[in-house]
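Okay, structure first, notes after.
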Amino acid sequence: MKAARLLPKSAPLVLLAASDREVIMKPAAFDYERPQTLDDALKLLASSDNAKIIAGGQSLMPMLNFRLLAPELLVDISRIDELRGIRETKGRGLSVGALTRHHEMETSKLVEERFPVIHEAMQYVAHLAIRNRGTIGGSLSHADPAAELPMMAVLLDAHLHVAGPNGLRQVAARDFFLGALTTDLEENEILVQVEFPGLPKRSAYAFDEFAQRSGDFALCSVAVILSWSGNFLTGGKKIGDVRIALMGVDETPVRIEVAEQLLSGAKHIDDPLLEQVASVIRDTIQPNGDLHASADYRRHLAYTMSQQTLKTAWQRLQGQTDED
Amino acid sequence: MPESNSSQYVGSRVKRREDPRLLTGRGRYVDDIKVAGMLHIAFRRSDYSHARILSIDTSAAKASPGVVEVFTAKDIEGEFNPVLAQSRMRDYQPTIMQILAADKVRFVGEAVVAVVAESRYLAEDAAALVEIEYDELPLVTDPEQALINSSAKLHEQMDSNVLLQREFNRGDVDEAFYGASVYIKERFRFTRKTSLAMENRTYLAEYNSAEQALTLHTTSQVPGIIRDILVDALDIPGSHLRVVAPDVGGGFGGKTSLYPEEVLAPILAKKLERPVKWTGDRIEDLISTSQGFDEIIDAEIAVDREGRILGLRADVIGDVGAYSIYPWTAGIEPVQVVSFLPGPYKIENYHGRVRGVATSKPPTGPYRGVGRPVSTFVMERLVDMAARELQMDPREIRQRNLVQPHEFPYKAASGIVWDQSGFTQGLNGACEAIGYDGLRRTQAQARAQGRMVGIGIASFAELTGIGSRLSASPGMPINTGTETASISVDSTGGITARFGVTSYGQGLETSLAQVVADELNVEISQIRILQGDSAAVSHSTGSYASRGAVLGAGAAILACRALDQKLKAVAAILLSSSAEDILIRDGVFSGPGSDEKLTFKDLAKAYYSQMGLIPAPIRNEIGELSATQMYDPEWGTTSSATHIALVEIDPDTFKVKVDKYVVAEDCGQMLNPMIVDGQVHGGVAQGIGAALYEEMIYDEQGQNLTASLVDYVVPSATEIPRMDVVHLDLEKPKTLGGVRGMGEGGTIGAPAAIANAVADALAPLGQQVTTLPVTPQRIFELVQAAKANQ
Ligand SMILES: Cc1cc2nc3c(=O)[nH]c(=O)nc-3n(C[C@H](O)[C@H](O)[C@H](O)COP(=O)(O)OP(=O)(O)OC[C@H]3O[C@@H](n4cnc5c(N)ncnc54)[C@H](O)[C@@H]3O)c2cc1C
């Protein structure tokens, strides 16, 4: 059917004009339930062949209004308190409940302290009004190829905790995102929390993103973590753990392992090495072209932004001394 | 005559009276209006850009819950007279407006079936059940193809896809080019945009069968034009057809034309004898509201060693879309590109040709600036390119070619006559305000560090407040040269001023109140302004083409003067003085013959209600305390400005950042400097959108790839820089009140200034900016091309 081509490729952003005196809305009719517990929510999901979870509604409502989706039942999970909040886990990690709002994540001191890269990336998620409603679980489940949260999950080797009819299961972030708007989640499952394992002690990060307008989904984004390993006192220190993630350049966020390996074990990063790594990144990614950025331009962005981001991370890492 | 016009409001920054209402959500837009028994329309629109309709099956839709009726073209046949935009232009072919597509569809998004239901949800549900079978016809999406290929015609009954053709000639262009020392030839492209008002188009039609009267509430800038044409289209007398535009959430030209849905809603309200509403959603807005610009311009300029322009040549292809829009015709946009191309410069030899070609896209129509954002872009680019060849500063080449202060009135190469306006003063004012020479030095330093920094100038002139001697669109047979104000003092002393010119957010309600308050010498809060109702005055065409303030203020002044006479005649009797000696100050009448002072209320009560105070013969002569006057500025007047932008291109991402922006403009007497600033700011923001972000993209099948605000990229507040606006205080024009129009200037200058600045930043690479918007993707391509050339 051709009509679909009228619709935008990426997540449509027309928001619902939800004023109490107004009855004109666009979605097809649906039933609505708002369970108080995870169990009830799972039961409701199991009760219908065509149910959909709604959390913050920031991505789902536009899709309903465009009638890209016409579920029979909406299960509103926003009142399930057990899915809320940011908690410390052992080894300097954090566990974040699926219902945590973007804005909570953005302003959390714990997040800023342990994962400054997430803190910085959150500033790029949409606009404040959307961050006030949108949830971490919603972003991860929606899996927009240019969304920051999935990228952070991939960068930080997060574990996603999923509840289903048969209990809980864990999925590694890299196995969770299967394609654009496609995840490992089954229809009847709920993402309950995401766990970010702690980073090595002496590590540094850098993050960069480019979009045409502030608040837009990224055309390209790069995030880097570099960590020292080895013995500082004996002078044996070298770069240990390296993570390089890009987003906006493929159907899902990607880690560039070949590039990571080039840096791991290095004692020093100089400009030729930076250029080499950036070239590898550029040649490894497989971006698609669209209206706003061709594949070539995306490769270019990946190249220049990787170089800058790695440089910043390296400068920060050099500031990390053994007193830390 | 002792005049006490202290002019306390005109020229001052009076706060906008509409703002408390609009900014606190208490405005009343068409969609806010609900009436008992109201039905809702949802459309099934074409998925194809050019196809024959083989069959339409509405049975499932009709059976769907809540559906009252489903209409196709056949079902409304004979319910209206055909609407088509006429023109006196030679070589013009009008098109007949399709209310619902009859035999074939001509663009994706054209309405084919209207479903009327008890709610919009149910109407949408049913619209999805309509089945339409199409037979695809040859593609007519590429204007250059459509121009030469007469076998694939969009309108079969026509000779070709060329809806209009026009040429302008002055002097001997070939000769001029022969003697040139610098010659530039380039192909420019100004892509299609949409005016993107915040409020989508919405219509509510109510038919009162007992009185056989129809009321249409519409999101229109031109309720008078809509009333006049609907009278003809629907055979309802004007006295029984009222068109109301209540609060309107932005227009920018997109709400100056008649739309099929606007004709259909009344037809269906009459047929069903129930109120019918259609509220366009954002997709519908992006695929069916009139679009802007979209031209390919092949242009050449010849310049002598001193930088003087010897000749100019242009061939313009306007992609005007599927229909010639009512009332402006498909000529409004592309013809103005050619007629305004010579700009504010002295050019003795000019040849311009334009052809408007029908393609299977939504019709183009007026969009803020109309034609001139494009002509200014092309001309200002050519001038800069010539300056670069001559190694002359862009400021200097403009200085040498601008019409000088002593040379007005000046008849431009296309026949447009410029009256006195600050062309050179604008250039100098802008250069001074931005510190031009210092900026060039800063730029040189930045370049030395390898940074991509550019400065762009754009100078332009426009005709505003056009009177009856010209038409707002070439050859258009309706009068766009007059406006009416009707001002009355009622029996309580209340002052109501009715206007045909409309407000849709631009602040005209306030500006007009200022004029009336000053003319009548009363406190501004005493004045009620009524607009946006075809019943307010007998004839009006509304607000567009930078005419609202010029014609509205002029009509207000004339009406106030006439009313003033009446009021003074009455006061003279009551105050035992002669009319010439009556003074009005702060709403109080006084005269030398009495110590008494009268307020408007006293005077009105005495006149209307206290019998015996005014002799009957005199009352019979004076009549109602009201006056209605029309104003016709005949030729209109010239507004002009120079814009200067400083930009920097990020070397990694190629994002363009606008670091400084200055406008120096001559709009004559400012009614309200705050509103003038706001208009300039908003206009420049839209121009920045056109220059850097916005583009309506269609694939070769004619599918709109930018049918959401994810993909049609408009700048938001964070992308818009601070701007400095210099208002030149120069000789006032001859319009009443000395007002020049200024609603569009921002949009006219900004694309050219930004384009020149980006081009200047890229100049060391030897690349030219010829297509707008110049997005990061396009700059990337230019940089790649430069690398390949090395
Ligand atoms: C104008 C605009 C700009 C935006 N820009 C950005 C941006 O730059 N970067 C960015 O990352 N995002 C952006 N977003 C998206 C925004 O962040 C989303 O709101 C968010 O990602 C989704 O969260 P939500 O809670 O609103 O999810 P919802 O809209 O409620 O749901 C989204 C999807 O996830 C499913 N879902 C939700 N929660 C769960 C769960 N716990 N388990 C299983 N499935 C679940 C829903 O069924 C639905 O399919 C933008 C949105 C808008 C409107």
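I want to confirm something. Restricting to the stretch B:707-721 and keeping residues that are β-branched (Val, Ile, Thr) and surrounded by fewer than 21 Cβ atoms within 10 Å (Cβ to Cβ), which single residue is farthest from the other protein chains (Cβ to nearest Cβ)? Spell out how you get there, then give the answer.
From the stretch B:707-721, those β-branched (Val, Ile, Thr) are B:710, B:713-714, B:718, B:720; that's our starting set.
Next, from what is left, pick out any that are surrounded by fewer than 21 Cβ atoms within 10 Å (Cβ to Cβ): B:710, B:714, B:718, B:720.
Numbers: B:Val710: 5, B:Val714: 8, B:Thr718: 4, B:Ile720: 11 Å.
So, considering only residues that are β-branched (Val, Ile, Thr) and surrounded by fewer than 21 Cβ atoms within 10 Å (Cβ to Cβ), the one farthest from the other protein chains (Cβ to nearest Cβ) is B:Ile720.
Checking B:Gly702 against (1) in contact with a Phe, Trp or Tyr (Cβ under 9 Å, 6 or more places away or on another chain); (2) in a loop (DSSP other than H, G, I, E, B); (3) more than 14 Å from every other protein chain (Cβ to nearest Cβ), which test does it fail?
(3)
Which pairs do you get when a residue that is over 14 Å from A:Gly57 (Cβ atoms) and within 14 Å of chain B (Cβ to nearest Cβ), found in the stretch A:121-150, comes within reach of a residue that is near the ligand (Cβ under 8 Å from one of its atoms) and in a helix (DSSP H, G or I), reach meaning Cβ atoms under 7 angstrom, with the pair 6+ apart or on two chains?
Note: pairs meeting the criteria are A:Tyr124/A:Glu148; A:Ala147/A:Ser139.
Quick one: A:Ala223 ticks every box in (1) of a type in the set (Gly, Ala, Ser); (2) within 14 Å of another protein chain (Cβ to nearest Cβ); (3) part of a strand (DSSP E or B) bar one, so which box is it?
For A:Ala223, the failing item is (2).
List the pairs whose first member sits in the stretch A:86-105 and is at negative phi and of a type in the set (Lys, Arg), whose second member is away from the ligand (no atom under 11 Å from the Cβ) and part of a helix (DSSP H, G or I), and whose Cβ atoms are under 9 Å apart, counting only residues at least 6 apart or on separate chains?
Listed pairs, sorted by first residue: A:Arg87/A:Leu110.
Name the strands (runs of 3 or more DSSP E) wholly inside the stretch A:89-201 in which the number of residues that are within 11 Å of the ligand (Cβ to nearest atom) and within 16 Å of the chain's Cα centre (by Cα) is 2 or more.
Because the criterion is at least 2 residues that are within 11 Å of the ligand (Cβ to nearest atom) and within 16 Å of the chain's Cα centre (by Cα), the strands (runs of 3 or more DSSP E) in the stretch A:89-201 that meet it are A:159-164, A:190-196.
Kindly indicate whether A:Ser214 is part of a strand (DSSP E or B), within 14 Å of another protein chain (Cβ to nearest Cβ) and within 10 Å of the ligand (Cβ to nearest atom).
no
Sort through B:Gly737, B:Gly741 and tell me the only one that's away from chain A (no Cβ under 12 Å), among the small types (Gly, Ala, Ser) and over 21 Å from the mean Cα position of the chain (by Cα).
Unique residue meeting the criteria: B:Gly737.
May I ask you to verify whether B:Ala753 is of a type in the set (Gly, Ala, Ser), within 14 Å of chain A (Cβ to nearest Cβ), over 17 Å from the mean Cα position of the chain (by Cα) and part of a helix (DSSP H, G or I)? Spell out how you get there, then give the answer.
Working: of a type in the set (Gly, Ala, Ser): yes; within 14 Å of chain A (Cβ to nearest Cβ): no; over 17 Å from the mean Cα position of the chain (by Cα): yes; part of a helix (DSSP H, G or I): yes.
No, not satisfied.
Within the stretch A:66-88, can you find the residues that are outside any loop (DSSP other than H, G, I, E, B), over 17 Å from A:Leu160 (Cα atoms) and within 11 Å of the ligand (Cβ to nearest atom)? Give the derivation first.
In the first step, residues of the stretch A:66-88 are kept if they are outside any loop (DSSP other than H, G, I, E, B); the result is A:73-76, A:81-83, A:86-88.
The next check asks that each one be over 17 Å from A:Leu160 (Cα atoms); those that pass are A:73-76, A:81.
If the condition is that a residue be outside any loop (DSSP other than H, G, I, E, B), over 17 Å from A:Leu160 (Cα atoms) and within 11 Å of the ligand (Cβ to nearest atom), then A:Leu74, A:Val75, A:Asp76 are the ones that fit.
Select from the stretch B:228-237 the residues that are in contact (Cβ under 8 Å) with a residue 24 or more places away in the chain and farther than 15 Å from B:Leu204 by Cβ and list them in ascending order.
Hits for the stretch B:228-237 are B:Asp228, B:Ile229, B:Asp232, B:Ala233, B:Leu234, B:Asp235, B:Ile236.
Would you confirm, using the coordinates I've provided, whether B:Val710 is out of contact with any Leu (no Cβ under 9 Å at 6 or more places or on another chain) and in the same structural domain as B:Pro363 (by TED's automatic domain parsing)?
Here the answer is no, as B:Val710 does not meet what is asked.
The values are calculated or read from the model by the stated rules, or taken from the named source; none is laboratory data. Here the structure is a predicted model, which means the values were calculated and not measured. When we count neighbours, we look across all protein chains shown, and the Cβ atoms used for this are built from the backbone with ideal geometry, even at glycine.
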